[in-house]
Structures are given as structure tokens and as C-alpha cells.
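Asker: I have a structure here, written as C-alpha cells, and I will follow up with some questions on it.
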Amino acid sequence: MELDDIKFVDQSKNRRENYAVEGLEERCRALQNILDETSKKNNMLELKIKKLADENMVLKADFEAKSEEVKTFRLAVKDKFEMERKLKEIQDKYEALQKTYKGFEEEAKKTKENIELIG
């Protein structure tokens, strides 16, 4: 081979190596961009997850508070119905006693009338 041929081969070889290096550099830049975008997305998602976790904790606390409130209301309603039942029982007993009292009053009146007739 002649000197010009050797130079040409060396230049071709250098160009191929430069193209290979440039291609690798481009790929590395592209991969770095992908990594950067993925990292940004991950950070955004992590922030959203933290926000949702915080909201979840608030909702759980609210739920617990409401559950306690519902228990209190249930007990109050249960007590109310129990009191209404007892009131009804007392009213029924009162009505029965009133009837008995009226019966005694009528008997007393009749007895008084009989005593007046006799006496």
C-alpha cells in the first residue's frame, strides 16, 4: 500500500470512530434526557402520593370522629325510644288507675246515696 492509501484508510478509520463516538454521545444525551424526564415525573408522583396520603389521614380522622358521633346519636335514639316506651307504660298505668279511681268514686257516691236513703 502506498502512503496515500494508508492515510485514506486511517482517515476512514478515524471517521468511523468519530461517528461511533458521536453516536454514543447522542445516545447518552437521549438517555440522560429520558432519565431527567423520568426523575421529574417520579418527583411529581411522589408529591401527589404524599398529598393523597395526607388527605387520607385527614379523611380517616374525620371518619373516626363521625363514627363516634353516630355512636352517640344511636345511644341517644336508643335512650329516647326506651324513655318513650316507659312513658307509654306509665300512661297506660295512669289510665288504668284513673278508671279504678272513677270506679271507686262511683261506688262511694252510690254508697253515700244509699246511706242518705237509709238514714
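Asker: With N residues in the stretch 22-117, what two-decimal value do you get for its Cα radius of gyration over 2.2 N^0.38 Å?
Answerer: Cα-based Rg divided by the globular estimate yields 3.26.
Asker: Ignoring everything but the protein chains, give the 1.4 Å probe accessible area of Leu97 in square angstrom, nearest 10.
Answerer: 120
Asker: When we measure straight from the Cα of Lys48, which lysines land under 28 angstrom away, once same-chain ones fewer than 8 places off are left out?
Answerer: Within the straight-line limit of under 28 Å, Lys48 reaches these lysines: Lys40, Lys60, Lys66.
Asker: Within a Cβ distance under 14 Å of Glu107, other residues only, what is the Lys/Arg minus Asp/Glu net charge?
Answerer: Here the count lands on +2.
Asker: Right, something else. What length, rounded to one decimal in nm, is gained on full extension from Asp79 through to Glu105, with 0.36 nm per residue of separation minus their alpha-carbon distance?
Answerer: 5.6 nm
Asker: Looking at the P(r) of the stretch 38-83, how many percent of alpha-carbon pairs lie beyond 14 Å?
Answerer: Value for the stretch 38-83 (Cα pairs over 14 Å): 68 percent.
The values are calculated or read from the model by the stated rules, or taken from the named source; none is laboratory data. Worth saying up front: this structure is predicted, and the values here are computed from it rather than measured. Cβ sites come from the backbone with ideal geometry, for glycine too, and all protein chains shown count toward neighbours. Just the protein is used for accessible areas: all its heavy atoms, side chains included, with ligands, DNA and RNA removed. Shrake-Rupley method; radii C 1.70, N 1.55, O 1.52, S 1.80 Å.
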